[in-house]
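Here is the structure we will look at, set down as C-alpha coordinates.
The values are calculated or read from the model by the stated rules, or taken from the named source; none is laboratory data. Because the structure is predicted, anything quoted here is derived from the model rather than measured. Here the Cβ positions follow ideal geometry from the backbone for every residue, glycine too, while neighbour counts run over all protein chains shown.
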Amino acid sequence: MSEAAQTLEGWYALHDFRTIDWMAWTAAEEAERNMALDDLHSFLKEWQSVEDNKQGSTAFYSIVGQKADFVMMHLRETLDELNALETAFNKSAFAQFTIPAHSYVSVVELSNYMAQPGADPMQNPDILARLKPILPKWNHICFYPMNKRRSGSDNWYMLSMDERKTMMRSHGMIGRTYAGKVKQIITGSVGFDNWEWGVTLFADDALQFKKLVYEMRFDEVSARFGDFGDFYVGNRLTEEKLAELFSL
Ligand code: 76R
(Lines give C-alpha, C1' and ligand atoms only; values in the text may rest on other atoms or scores of the structure.)
Protein backbone atom coordinates (compact mmCIF):
# COMPACT_ATOMS: atom_id res chain seq x y z
CA MET A 1 0.00 0.00 0.00
CA SER A 2 1.27 3.51 -0.77
CA GLU A 3 1.80 5.91 2.11
CA ALA A 4 -1.17 8.24 2.66
CA ALA A 5 -0.37 11.96 2.77
CA GLN A 6 -0.71 13.41 6.25
CA THR A 7 -3.23 16.20 6.42
CA LEU A 8 -3.90 19.02 8.85
CA GLU A 9 -7.48 20.19 9.21
CA GLY A 10 -8.80 23.57 10.28
CA TRP A 11 -12.23 25.17 10.10
CA TYR A 12 -15.18 23.30 8.59
CA ALA A 13 -16.66 24.82 5.44
CA LEU A 14 -20.16 25.11 4.04
CA HIS A 15 -20.63 26.56 0.56
CA ASP A 16 -24.36 27.38 0.44
CA PHE A 17 -25.57 28.35 -3.06
CA ARG A 18 -29.03 29.89 -3.45
CA THR A 19 -31.28 31.08 -6.21
CA ILE A 20 -33.51 34.10 -5.58
CA ASP A 21 -37.23 33.53 -6.06
CA TRP A 22 -37.78 36.66 -8.15
CA MET A 23 -41.42 35.86 -8.70
CA ALA A 24 -42.06 35.92 -4.93
CA TRP A 25 -39.76 38.93 -4.43
CA THR A 26 -41.44 41.11 -7.05
CA ALA A 27 -44.92 40.08 -5.83
CA ALA A 28 -44.16 40.84 -2.15
CA GLU A 29 -45.27 44.03 -0.38
CA GLU A 30 -42.54 46.58 0.28
CA ALA A 31 -42.89 46.07 4.06
CA GLU A 32 -42.34 42.34 3.65
CA ARG A 33 -39.27 42.90 1.46
CA ASN A 34 -37.86 45.38 3.98
CA MET A 35 -38.34 42.88 6.78
CA ALA A 36 -36.51 40.23 4.76
CA LEU A 37 -33.63 42.61 4.00
CA ASP A 38 -33.43 43.59 7.69
CA ASP A 39 -33.11 39.89 8.48
CA LEU A 40 -30.31 39.49 5.96
CA HIS A 41 -28.48 42.50 7.37
CA SER A 42 -28.67 41.14 10.90
CA PHE A 43 -27.16 37.87 9.68
CA LEU A 44 -24.37 39.73 7.90
CA LYS A 45 -23.69 41.68 11.09
CA GLU A 46 -23.65 38.51 13.20
CA TRP A 47 -21.30 36.73 10.76
CA GLN A 48 -19.02 39.77 10.79
CA SER A 49 -18.80 39.65 14.59
CA VAL A 50 -17.93 35.91 14.45
CA GLU A 51 -15.15 36.88 12.04
CA ASP A 52 -14.00 39.80 14.24
CA ASN A 53 -13.73 37.32 17.15
CA LYS A 54 -11.72 34.94 14.94
CA GLN A 55 -14.28 32.17 15.45
CA GLY A 56 -14.96 31.74 11.76
CA SER A 57 -15.32 33.63 8.53
CA THR A 58 -18.02 34.17 5.90
CA ALA A 59 -17.81 35.27 2.27
CA PHE A 60 -20.88 36.55 0.42
CA TYR A 61 -20.79 36.69 -3.38
CA SER A 62 -23.27 36.85 -6.24
CA ILE A 63 -22.96 34.07 -8.82
CA VAL A 64 -22.94 34.79 -12.56
CA GLY A 65 -25.00 32.45 -14.74
CA GLN A 66 -27.91 30.14 -14.00
CA LYS A 67 -26.35 27.69 -11.54
CA ALA A 68 -27.19 30.00 -8.60
CA ASP A 69 -27.73 33.68 -7.76
CA PHE A 70 -25.46 33.93 -4.73
CA VAL A 71 -23.22 31.92 -2.41
CA MET A 72 -22.53 32.16 1.28
CA MET A 73 -19.24 30.46 2.10
CA HIS A 74 -19.07 29.84 5.85
CA LEU A 75 -16.05 28.65 7.84
CA ARG A 76 -16.68 27.58 11.44
CA GLU A 77 -14.99 25.53 14.20
CA THR A 78 -17.49 22.65 14.05
CA LEU A 79 -20.04 20.99 11.80
CA ASP A 80 -22.62 21.74 14.52
CA GLU A 81 -22.06 25.47 14.14
CA LEU A 82 -22.42 25.20 10.37
CA ASN A 83 -25.63 23.26 10.80
CA ALA A 84 -26.99 25.77 13.33
CA LEU A 85 -26.28 28.77 11.14
CA GLU A 86 -27.75 27.05 8.09
CA THR A 87 -30.95 26.28 10.03
CA ALA A 88 -31.19 29.78 11.52
CA PHE A 89 -30.84 31.24 8.03
CA ASN A 90 -33.49 28.90 6.63
CA LYS A 91 -35.97 30.05 9.26
CA SER A 92 -35.49 33.74 8.41
CA ALA A 93 -37.92 35.87 6.43
CA PHE A 94 -35.19 36.50 3.87
CA ALA A 95 -34.59 32.78 3.20
CA GLN A 96 -38.26 32.40 2.21
CA PHE A 97 -37.30 34.28 -0.97
CA THR A 98 -34.45 31.86 -1.76
CA ILE A 99 -34.34 28.37 -3.23
CA PRO A 100 -31.39 26.07 -2.42
CA ALA A 101 -29.33 25.59 -5.58
CA HIS A 102 -26.29 23.62 -4.37
CA SER A 103 -24.22 23.03 -1.26
CA TYR A 104 -20.78 21.67 -0.46
CA VAL A 105 -19.45 20.46 2.90
CA SER A 106 -15.70 20.21 3.53
CA VAL A 107 -12.90 21.16 5.93
CA VAL A 108 -9.89 23.42 5.37
CA GLU A 109 -6.99 21.10 4.61
CA LEU A 110 -3.23 21.35 4.28
CA SER A 111 -1.21 18.31 3.25
CA ASN A 112 2.39 17.49 4.08
CA TYR A 113 3.71 17.17 0.50
CA MET A 114 5.69 20.41 0.84
CA ALA A 115 6.28 20.26 4.62
CA GLN A 116 9.72 20.88 6.17
CA PRO A 117 10.94 17.53 7.55
CA GLY A 118 11.18 17.43 11.34
CA ALA A 119 9.31 20.70 11.95
CA ASP A 120 6.08 20.64 13.99
CA PRO A 121 3.56 22.37 11.73
CA MET A 122 1.25 23.17 14.65
CA GLN A 123 3.98 25.45 16.08
CA ASN A 124 4.10 27.43 12.84
CA PRO A 125 1.88 30.55 13.03
CA ASP A 126 1.63 30.77 9.21
CA ILE A 127 0.21 27.26 9.05
CA LEU A 128 -2.19 27.91 11.92
CA ALA A 129 -3.43 31.03 10.13
CA ARG A 130 -3.95 29.07 6.91
CA LEU A 131 -6.01 26.41 8.71
CA LYS A 132 -8.36 29.07 10.08
CA PRO A 133 -8.30 31.69 7.35
CA ILE A 134 -10.21 34.96 7.36
CA LEU A 135 -11.64 34.93 3.84
CA PRO A 136 -10.31 37.78 1.68
CA LYS A 137 -12.58 40.65 0.63
CA TRP A 138 -11.47 40.41 -2.98
CA ASN A 139 -13.77 41.24 -5.91
CA HIS A 140 -14.34 37.72 -7.22
CA ILE A 141 -14.79 34.14 -6.10
CA CYS A 142 -14.40 30.90 -8.04
CA PHE A 143 -15.42 27.51 -6.62
CA TYR A 144 -15.22 24.01 -8.04
CA PRO A 145 -14.86 20.50 -6.66
CA MET A 146 -12.24 18.02 -7.83
CA ASN A 147 -10.97 14.46 -7.55
CA LYS A 148 -7.62 12.85 -8.15
CA ARG A 149 -8.13 10.19 -10.83
CA ARG A 150 -8.12 6.46 -10.05
CA SER A 151 -8.10 4.74 -13.42
CA GLY A 152 -5.68 2.33 -15.09
CA SER A 153 -2.13 3.65 -15.09
CA ASP A 154 -3.41 7.06 -13.93
CA ASN A 155 -4.20 6.11 -10.37
CA TRP A 156 -3.00 8.83 -8.01
CA TYR A 157 -3.57 6.62 -4.97
CA MET A 158 -1.22 3.89 -6.25
CA LEU A 159 1.75 6.27 -6.72
CA SER A 160 4.57 6.35 -4.20
CA MET A 161 4.84 9.25 -1.77
CA ASP A 162 7.98 10.44 -3.63
CA GLU A 163 6.24 10.49 -7.02
CA ARG A 164 3.31 12.45 -5.56
CA LYS A 165 5.66 14.84 -3.75
CA THR A 166 7.53 15.65 -6.95
CA MET A 167 4.28 16.42 -8.77
CA MET A 168 2.83 18.44 -5.90
CA ARG A 169 6.03 20.50 -5.74
CA SER A 170 5.62 21.42 -9.42
CA HIS A 171 1.94 22.24 -8.72
CA GLY A 172 2.88 24.45 -5.76
CA MET A 173 5.54 26.27 -7.82
CA ILE A 174 2.98 27.26 -10.47
CA GLY A 175 0.59 28.34 -7.72
CA ARG A 176 3.22 30.55 -6.13
CA THR A 177 3.65 32.61 -9.29
CA TYR A 178 0.06 33.81 -8.65
CA ALA A 179 0.85 35.02 -5.12
CA GLY A 180 -0.94 38.31 -4.47
CA LYS A 181 -3.23 37.78 -7.48
CA VAL A 182 -5.11 34.61 -6.49
CA LYS A 183 -5.73 33.30 -2.98
CA GLN A 184 -6.64 29.62 -2.86
CA ILE A 185 -8.33 27.70 -0.07
CA ILE A 186 -8.24 23.93 -0.42
CA THR A 187 -10.91 22.12 1.57
CA GLY A 188 -10.95 18.34 1.89
CA SER A 189 -14.29 16.58 1.45
CA VAL A 190 -13.47 12.86 1.43
CA GLY A 191 -16.23 11.35 3.57
CA PHE A 192 -18.20 14.62 3.61
CA ASP A 193 -19.35 15.34 0.09
CA ASN A 194 -19.37 13.98 -3.46
CA TRP A 195 -15.88 15.02 -4.51
CA GLU A 196 -12.50 14.75 -2.78
CA TRP A 197 -11.72 18.48 -2.54
CA GLY A 198 -13.32 21.85 -2.92
CA VAL A 199 -11.15 24.52 -4.53
CA THR A 200 -12.09 28.09 -3.62
CA LEU A 201 -10.19 30.90 -5.29
CA PHE A 202 -10.39 34.66 -4.69
CA ALA A 203 -9.04 37.36 -7.00
CA ASP A 204 -9.53 41.06 -7.70
CA ASP A 205 -9.18 40.35 -11.42
CA ALA A 206 -11.40 37.39 -12.45
CA LEU A 207 -9.21 36.70 -15.50
CA GLN A 208 -6.52 35.43 -13.12
CA PHE A 209 -8.79 32.42 -12.34
CA LYS A 210 -8.78 31.45 -16.00
CA LYS A 211 -5.05 31.97 -16.35
CA LEU A 212 -4.18 29.97 -13.22
CA VAL A 213 -6.56 27.07 -13.88
CA TYR A 214 -5.47 26.92 -17.54
CA GLU A 215 -1.77 26.93 -16.69
CA MET A 216 -2.33 24.15 -14.15
CA ARG A 217 -4.10 22.00 -16.76
CA PHE A 218 -0.69 21.54 -18.45
CA ASP A 219 1.00 20.53 -15.21
CA GLU A 220 1.17 16.75 -14.76
CA VAL A 221 -0.85 16.51 -11.55
CA SER A 222 -3.84 18.31 -13.11
CA ALA A 223 -3.30 17.04 -16.67
CA ARG A 224 -3.13 13.35 -15.73
CA PHE A 225 -4.92 13.19 -12.40
CA GLY A 226 -7.38 16.08 -12.11
CA ASP A 227 -11.11 15.45 -12.57
CA PHE A 228 -13.32 18.50 -12.07
CA GLY A 229 -16.95 19.25 -11.26
CA ASP A 230 -19.03 22.34 -11.94
CA PHE A 231 -17.41 25.76 -11.78
CA TYR A 232 -19.11 28.69 -10.04
CA VAL A 233 -17.83 32.24 -10.47
CA GLY A 234 -19.11 35.44 -8.91
CA ASN A 235 -18.72 38.97 -7.66
CA ARG A 236 -18.42 40.28 -4.12
CA LEU A 237 -21.70 41.50 -2.65
CA THR A 238 -20.85 44.72 -0.86
CA GLU A 239 -23.64 46.66 0.92
CA GLU A 240 -24.02 48.78 -2.19
CA LYS A 241 -24.22 45.82 -4.59
CA LEU A 242 -26.66 44.10 -2.28
CA ALA A 243 -29.01 47.09 -2.26
CA GLU A 244 -28.80 47.21 -6.06
CA LEU A 245 -29.48 43.49 -6.40
CA PHE A 246 -32.73 43.60 -4.42
CA SER A 247 -34.06 47.00 -5.47
CA LEU A 248 -37.13 46.94 -7.72
O1 76R B 1 0.12 24.27 0.76
C2 76R B 1 0.94 24.80 -0.02
O3 76R B 1 0.94 26.00 -0.37
C4 76R B 1 1.95 23.92 -0.56
C5 76R B 1 1.76 23.66 -1.96
C6 76R B 1 0.37 23.20 -2.36
C7 76R B 1 -0.28 22.00 -2.01
C8 76R B 1 0.20 20.87 -1.11
C9 76R B 1 -0.50 23.95 -3.21
C10 76R B 1 -0.23 25.20 -3.72
N11 76R B 1 -1.63 23.20 -3.44
C12 76R B 1 -1.54 22.03 -2.71
C13 76R B 1 -2.49 21.01 -2.64
MN14 76R B 1 -3.11 23.61 -4.80
N15 76R B 1 -4.58 24.08 -6.07
C16 76R B 1 -5.50 23.18 -6.56
C17 76R B 1 -6.20 23.81 -7.64
O18 76R B 1 -7.48 23.52 -11.23
C19 76R B 1 -6.60 22.69 -10.93
O20 76R B 1 -5.84 22.19 -11.80
C21 76R B 1 -6.45 22.25 -9.51
C22 76R B 1 -7.22 23.10 -8.52
C23 76R B 1 -5.72 25.10 -7.77
C24 76R B 1 -6.16 26.16 -8.76
C25 76R B 1 -4.69 25.25 -6.77
C26 76R B 1 -3.96 26.42 -6.58
N27 76R B 1 -3.96 21.81 -4.41
C28 76R B 1 -3.60 20.93 -3.44
C29 76R B 1 -4.57 19.85 -3.40
C30 76R B 1 -4.54 18.65 -2.46
C31 76R B 1 -3.78 17.56 -3.18
C32 76R B 1 -3.56 16.30 -2.43
O33 76R B 1 -3.50 16.31 -1.20
O34 76R B 1 -3.43 15.25 -3.13
C35 76R B 1 -5.48 20.09 -4.40
C36 76R B 1 -6.69 19.28 -4.76
C37 76R B 1 -5.09 21.32 -5.02
C38 76R B 1 -5.75 21.89 -6.10
N39 76R B 1 -2.21 25.46 -5.11
C40 76R B 1 -1.08 25.95 -4.50
C41 76R B 1 -2.82 26.50 -5.81
C42 76R B 1 -2.03 27.69 -5.59
C43 76R B 1 -2.39 29.07 -6.16
C44 76R B 1 -0.95 27.35 -4.79
C45 76R B 1 0.18 28.25 -4.28
C46 76R B 1 -0.19 28.70 -2.91
C47 76R B 1 0.80 29.59 -2.27
O48 76R B 1 2.01 29.33 -2.37
O49 76R B 1 0.34 30.55 -1.64
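Restricting to region 1-55, and then to whatever is under 23 Å from Glu240 (Cβ atoms) and aromatic (Phe, Trp, Tyr), can you tell me which residue is farthest from the ligand (Cβ to nearest atom)?
That would be Trp25.
Which numbered condition in (1) within 19 Å of the chain's Cα centre (by Cα); (2) surrounded by fewer than 21 Cβ atoms within 10 Å (Cβ to Cβ) is the only one that Ala68 fails?
That leaves (2) as the condition not met.
What are the pairs, 6+ residues apart or on separate chains, where a residue within region 51-62 that is among the basic types (Lys, Arg) has its Cβ under 9 Å from a residue that is in a loop (DSSP other than H, G, I, E, B) and surrounded by fewer than 21 Cβ atoms within 10 Å (Cβ to Cβ)?
Lys54/Lys132; Lys54/Ile134
Every residue in region 25-42 that is of a type in the set (D, E, K, R) and either touching a helix residue (DSSP H, G or I) at 6+ places or on another chain (Cβ under 8 Å) or assigned to a helix (DSSP H, G or I) (or both), please. Outline the logic, then answer.
As a first pass, look at region 25-42 and keep what is of a type in the set (D, E, K, R): 29-30, 32-33, 38-39.
Residues satisfying the conditions are Glu30, Glu32, Arg33, Asp38, Asp39.
Report whether or not Lys91 is farther than 28 Å from Leu131 by Cα and touching a residue at least 24 places away in the same chain (Cβ under 8 Å). Explain how you work it out, then say what you get.
On the way: farther than 28 Å from Leu131 by Cα: yes; touching a residue at least 24 places away in the same chain (Cβ under 8 Å): no.
Criteria not met by Lys91.
So, in region 115-140, of the ones that are outside any helix (DSSP H, G or I) and within 13 Å of the ligand (Cβ to nearest atom), which residue ends up surrounded by the fewest Cβ atoms within 10 Å (Cβ to Cβ)?
Kept after step one, since they are outside any helix (DSSP H, G or I), are these residues of region 115-140: 115-120, 124, 132-140.
Going one step further and asking which of them are within 13 Å of the ligand (Cβ to nearest atom), we end up with 115-116, 124, 133, 136.
On the way: Ala115: 16, Gln116: 9, Asn124: 13, Pro133: 15, Pro136: 15.
Only one residue fits best here, namely Gln116.
Condition first: part of a loop (DSSP other than H, G, I, E, B) and either touching a Leu at 6+ places or on another chain (Cβ under 7 Å) or modelled with pLDDT of 95 or more (or both). Now tell me which residues in region 57-114 satisfy that.
Val64, Gly65, Gln66, Lys67, Ala68, Asp69, Glu77, Thr78, Ser92, Ala93
Name the pairs whose Cβ atoms lie under 7 Å apart, with the first residue in region 216-239 and over 19 Å from Arg150 (Cβ atoms), the second buried (at least 16 other Cβ atoms within 10 Å of the Cβ) and among the small types (Gly, Ala, Ser), and 6 or more positions between them or separate chains?
Met216/Ser222; Tyr232/Ala68; Val233/Ala206; Gly234/Ser62; Asn235/Ser62; Leu237/Ser62
Scan the strands (runs of 3 or more DSSP E) fully inside region 147-248 and keep the ones with 3 or more residues being farther than 30 Å from Phe94 by Cα and within 8 Å of the ligand (Cβ to nearest atom).
Values: elements: 182-188, 197-203, 226-228, 232-236.
Correct list: 182-188.
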